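*Asks:* Quick one: this structure, given as structure tokens, is what I'll be asking you about.
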Amino acid sequence: MHDNSSSDLDYRKQIKVVSTAENVFKALTDNIHLWWSKTTDSIQKADGQFTIHFENGYWWTFKILEFTPNSELVWKCIDGEPGFNKEWIGHVLHWQIIEDESETTINFHQVGLSPQLHCYDVCSSTWDMFIAEKLIQHIELST
């Protein structure tokens with residue numbers, strides 16, 4: 001899936017984990033609540049959706065555009081609160097999973113999350129923490 005509005009400045013993160021693509025995919029679907037935050041109304045399949053909730057009252061709803069087991073996930077933010085993060089609505093979050101022998105690479109790209117946005121500094125540093133710390137810890141501890 002290619003989005004022509006994608007910018008080279010959009011937030012991207014690549015990590016490597018000592019695990020299988022299957023474990024990574026499970027972490028990004030059924031177990032989002034174990035490394036990101038609480039989810040509700042979660043239907044993990046193509047055209048499904050889920051809502052993620054944070055303790056501070058923030059929430060976002062994502063529609064699942066692509067659901068290719070152990071390989072790729074694409075989510076589109078379709079709703080959210082509060083005003084500070086309404087900027088995310090319309091953003092496309094792309095997860096790519098590549099298994100190679102003893103490790104798996106995860107490429108994350110949030111189309112739309114660029115330095116021009118009000119929330120970029122907070123959102124990018126928060127993603128760094130969730131992806132590079134919490135997601136890695138969750139995957140490697142559950143492997």
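*Asks:* Using the beta-carbon distance between E55 and E103 and R0 = 22 Å, what value does 1/(1 + (r/R0)^6) give for FRET efficiency, to the nearest 0.05?
*Replies:* Given R0 = 22 Å and the Cβ-Cβ separation, E is 0.10.
*Asks:* Separate question: On each of the three principal axes of the Cα atoms of segment 32-142, give max minus min coordinate, whole Å, ordered largest first.
*Replies:* Projected onto its principal axes, the Cα set of segment 32-142 covers 44, 29, 25 Å.
*Asks:* Could you list L117, L141 in order of exposure, starting from the residue whose Cβ has the fewest other Cβ atoms within 10 Å?
*Replies:* If I rank by nearby Cβ atoms, fewest first, I get L141, L117.
*Asks:* Right, next: Which entries in K45/K86; K38/K86; K16/K45; K13/K76; K13/K63 show an alpha-carbon gap greater than 23 Å?
*Replies:* K45/K86; K16/K45
*Asks:* Now a separate question. Expected output is a single nm value to one decimal: the length gained when fully extending between C119 and L34, i.e. 0.36 nm times separation in residues minus the C-alpha distance. What is it?
*Replies:* Between C119 and L34, full extension yields 28.2 nm more.
*Asks:* To test your reading of the geometry: what angle, between 0 and 90 degrees and rounded to tens, separates the Cα axis of helix 120-129 from the longest principal axis of the chain?
*Replies:* 20 degrees
*Asks:* Right, something else. Could you work out the relative contact order of segment 32-142, using alpha carbon pairs under 8 angstrom and six or more residues apart, expressed as a whole percent?
*Replies:* 17 percent
*Asks:* With Cβ to Cβ distances under 15 Å as the rule, what net charge do the other residues near V17 carry (K, R +1; D, E -1)?
*Replies:* With Lys, Arg at +1 and Asp, Glu at -1, the net is -3.
*Asks:* For a paramagnetic label modelled at 7 Å from the Cα of Q96 toward its Cβ, which residues of segment 49-76 fall within the zone defined by backbone nitrogen distances under 18 Å?
*Replies:* Residues 65-76 fall inside that zone.
*Asks:* How many angstrom lie between the Cα centre of segment 61-78 and the Cα centre of segment 92-143?
*Replies:* Computed from Cα coordinates, the inter-centre distance equals 14 Å.
*Asks:* Further question on the same structure: Just to confirm the filter: which trypsin sites (Lys or Arg not before Pro) across segment 1-65 are DSSP coil and have at most 16 other Cβ within 10 angstrom of their Cβ?
*Replies:* K45
*Asks:* Could you give the length gained by full extension between M129 and T143, i.e. 0.36 nm per residue of separation minus their alpha carbon distance, to one decimal place?
*Replies:* 3.0 nm
No value in this document is a laboratory result; all are computed from the given coordinates. All figures in this text were calculated on a predicted structure; none of them were measured in a lab. In this analysis, Cβ positions are derived from the backbone assuming ideal geometry, glycine residues included, and neighbour counts consider all displayed protein chains.
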